[in-house]
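Shown next, in structure tokens, is the structure this report addresses.
The values are calculated or read from the model by the stated rules, or taken from the named source; none is laboratory data. In this text the structure is predicted, and so the values were computed from the model without any measurement. Surface accessibility is based on the protein's heavy atoms, side chains included, excluding ligands, DNA and RNA. Shrake-Rupley method; radii C 1.70, N 1.55, O 1.52, S 1.80 Å.
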Amino acid sequence: MSATPNGAAAQPFVSHPIRLRLNGEDRQLDVLPWTTLLDLLREQLDLTGSKKGCDHGQCGACTVLRDGKRVNACLTLAVMCDGAELTTIEGLASGDVLHPMQQAFIKRDAFQCGYCTPGQICSAVGLMNEGRAHDTAQIQELMSGNLCRCGAYGNIRDAIEDVVLGGEQ
């Protein structure tokens, strides 16, 4: 064991046990205190749908649902999710049946390169859960935290409107 500058013995890194429900499955994990939820999902659990875009909470590519609400996984420490229910893009479908938002994104061709799509879809499901979007302007405002570098915003908005506002507009 190495010593610190003041001569004291350096303490080993201590992982913390957490329990969570991830995509419908109960999980018990040991995580280091600085591990982000995004790194836990991608690097330790091989759930790579959530993307690391900016790693600063500005692009929304890492958006997942925590207890049904949208969170940026890059800004959320994994230890903060102890006891939470998490849903990633991999957990939205029910077997071979896609979530209505996933179906709408396909129908409306609401993606180009697809990098932002998992975060866009999770954010849209969270928006739907919140029940605050009642028109196009509200959808646009409430989705403003999710960027699409390809510029597929019109189709993304149309897909969300189909599900949230109930049918093609």
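At a glance:
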| item | result |
| --- | --- |
| Beta bridges by DSSP in region 1-137, antiparallel share as percent, to the nearest 5 | 90 |
| H16 accessible area, 1.4 Å probe, all protein chains in place, Å² to nearest 10 | 80 |
| Diffusion constant of region 95-162 at 4 °C, which comes from Stokes-Einstein with the Kirkwood Cα-pair radius and 1.567 mPa s, µm²/s | 109 |
| Dimensionless Rg ratio for region 1-107, taking C-alpha atoms and the 2.2 N^0.38 Å reference | 1.30 |
| Candidates V71, V125, V31, ranked by Gaussian network fluctuation over the chain, Cα under 10 Å, top entry | V31 |
| Mean separation of Cα contacts under 8 Å, 6 or more apart, over the residue count of region 92-169: relative contact order % | 39 |
| GNM result for the chain, Cα springs below 10 Å: residue of I121, I156, I106 fluctuating most strongly | I106 |
| Taking the chain and dividing mean pair separation by its residue count, relative contact order in percent (alpha carbons under 8 Å, at least six apart) | 21 |
